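See structure below.
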Amino acid sequence: MIIHKLILQHLKHQDDAGFYRLQALDAIQWMERQGVVFDRGLTVLDLGCGHGIFGAELLARGCQVEFADEGNYLDPGLSKAVFKPINIDLDDLSRLGKYDVVICSNVYEHLSKPERFIESIPGILKPGGRFYLSWTNWLSPWGGHEFSPFHYLGPQLGIRVYDRLVRKPRKHTPFQNLFPTYIGQTLRLIRNHPQLKIIRVAPRYYPEFAFLMQVPLLREFLAWNCALLIG
């Protein structure tokens, strides 16, 4: 469980590199407990990589990591890494190639076409490959990101109340760069796909409470961030 560490880190430093490194290390350990072996020769794609913090941790373990995002915002220490520009929402992901493991962390809620994204997963996985998907679902305490908890008032009213009361600039606007996504809906999309199966699902920051994911509706409010390992 790292939720308490993340809250403390965010209070002290906001969402700095240390914040995302905590997330990455914990997620890697969780995947290892599900049988994923990160060793030399494993091909990995950090999809929607941002500064590349997640992928950098796997590079340090000897994996062959490539990075992909709409723009190259990689940390200067990754200047020699393979970067592939792509619009995850609009482009054909299969042109990136196929990988043993694909990491997609904190991206899904920013996609306007989640169904299309789920449909594209088999096209970038090698046989027996694994896809790690993690995102902040809309009804979680952080579903509105920086304007949480006002998102519980709805995507339109919530931001109006936030803007009037808080008067701080927002990075996110619903239906522009932040889209309401739901755990139940996403699980159904994956289960209905003939080439995909859910290997494990858990609340990302407290996977010890994975049983919560078996309870419809309740999981939408209590998961905070949903983690899925897909095969």
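None of the figures in this text is laboratory data; all of them are computed from the coordinates on show. Quick caveat: nothing in here was measured; it's all calculated off a predicted structure. We place every Cβ from the backbone using ideal geometry, glycine too, and count neighbours over all the protein chains shown.
The value obtained for the chain, namely the Cα convex hull volume divided by the number of residues, is 123 Å³ per residue. Taking 8 Å as the Cα distance limit and 6 or more residues as the minimum spacing, I'd like the relative contact order of region 171-231 as a percentage. Once normalised by length, the contact order is 34 percent. Derived from the Cα gyration tensor, the three semi-axes of the equivalent ellipsoid of region 39-115 are 20, 14, 11 Å, largest first. Positive end of the dipole of the chain (Cβ unit charges, origin at the Cα centre): among VAL82, GLN195, GLN214, the Cα lying farthest that way belongs to GLN214. Placing +1 on the Cβ of every Lys and Arg and -1 on the Cβ of every Asp and Glu, with no other charges, gives region 66-123 a dipole of roughly 180 debye about its Cα centre.
Eigen-decomposition of the gyration tensor built on the alpha-carbon atoms of region 100-177 gives equivalent ellipsoid semi-axes of 32, 11, 9 angstrom, largest listed first.
Full extension of the chain between LYS126 and LYS197 gives 24.1 nm of extra length, using 0.36 nm per residue less the Cα-Cα distance. Taking amide H as placed 1.01 Å from N in the peptide plane, the amide H of ARG200 sits under 5 Å from that of LEU229, each at least 5 places away or on another chain. For the set LYS80/LYS197; LYS80/LYS126; LYS168/LYS197; LYS80/LYS171; LYS98/LYS168; LYS84/LYS171, the pairs lying more than 32 angstrom apart at their alpha carbons are LYS80/LYS197; LYS168/LYS197; LYS98/LYS168.
In loop segments of region 50-128 as defined by DSSP, the GluC sites (Glu not before Pro) with at most 15 further C-beta atoms inside 10 Å of their C-beta are GLU70. Normalised radius of gyration (Cα atoms, divided by 2.2 N^0.38 Å) for region 107-231: 1.12.
Note on CYS63, CYS49, CYS104: ascending count of other Cβ atoms within 10 Å places them as CYS63, CYS104, CYS49, the fewest first.
Charges were assigned to the Cβ only: +1 to each Lys and Arg, -1 to each Asp and Glu. The resulting dipole of the chain about its Cα centre is roughly 300 debye.
In the chain, the DSSP beta bridges split such that about 35 percent are antiparallel, to the nearest 5.
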